[in-house]
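A short reminder: the numbers here are calculations on the coordinates, not readings from a lab. Only a predicted model underlies this, so the values are computations on that prediction, with no experimental measurement involved. With ideal geometry, Cβ positions are generated from the backbone for all residues, glycine too; neighbour counts draw on all protein chains shown.
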Amino acid sequence: MKTFNSYFKRLNIEPKKPSLELVKALQKKHIATFSFNNIAVLLKKPISLDMQDVFEKIVTKNLGGYCFEHNSLMYEECGAVIIYD
C-alpha cells in the first residue's frame, strides 16, 4: 500500500504531533486539493472502498472521489497522523 507520506507531501503538510490544528489543516487542504465528484456513480462504475483503491484513485491519479471515498481516506489519514507520532 502506498505510504501516507505522499498524501501529506501532496498537501504540503509536515505531520507533527496530533492536534486539532493539524486535523483542521488536513481537512482544509484536502478539500482544496482533491475534488468531489460522482462521475463513477453516473457511469454506473463500481466504487471500491478498499483503501489502496481509494488512495490510488484520489491521491495518485487525482481523479477525485465520492463522499464515501473521501471520508474513508480522511479517516485513515487521521489515524496515520496519530500513529505517525
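Go ahead and estimate [θ] at 222 nm for the chain from helices alone: -39,500 (n - 2.57) per DSSP H run with n ≥ 4, summed, over the residue count, rounded to 500.
Taken over the chain, the calculation gives -16000 deg cm²/dmol.
With +1 assigned to the C-beta of every Lys and Arg and -1 to the C-beta of every Asp and Glu, and no other charges, what is the dipole magnitude of the chain about the Cα centre in debye, to the nearest 20?
280
What nm distance separates the two modelled labels at V41 and C67, each placed 7 Å from Cα along Cα→Cβ?
0.7
Hey, of (1) 3, 17, 31, 28, 17, 3, 0; (2) 3, 14, 28, 26, 16, 8, 3, 1, 0; (3) 3, 14, 23, 21, 21, 11, 5, 1, 0, 0, which did the structure itself give for P(r) over Cα pairs in 5 Å bins from 0, in percent when calculated?
(2)
GNM on the chain, C-alpha springs below 10 Å: top fluctuator among K29, K17, K44?
K44
Against the longest principal axis of the chain, how steep is helix 67-84, in degrees 0 to 90 to the nearest 10, with axes from Cα atoms?
So the inclination is approximately 20 degrees.
With an 8 Å Cα cut-off and a minimum separation of 6 or more residues, compute the relative contact order for the chain in percent.
37
Nearest 10 degrees, 0 to 90: what angle lies between the long axis of helix 20-33 and the longest principal axis of the chain (Cα atoms)?
30
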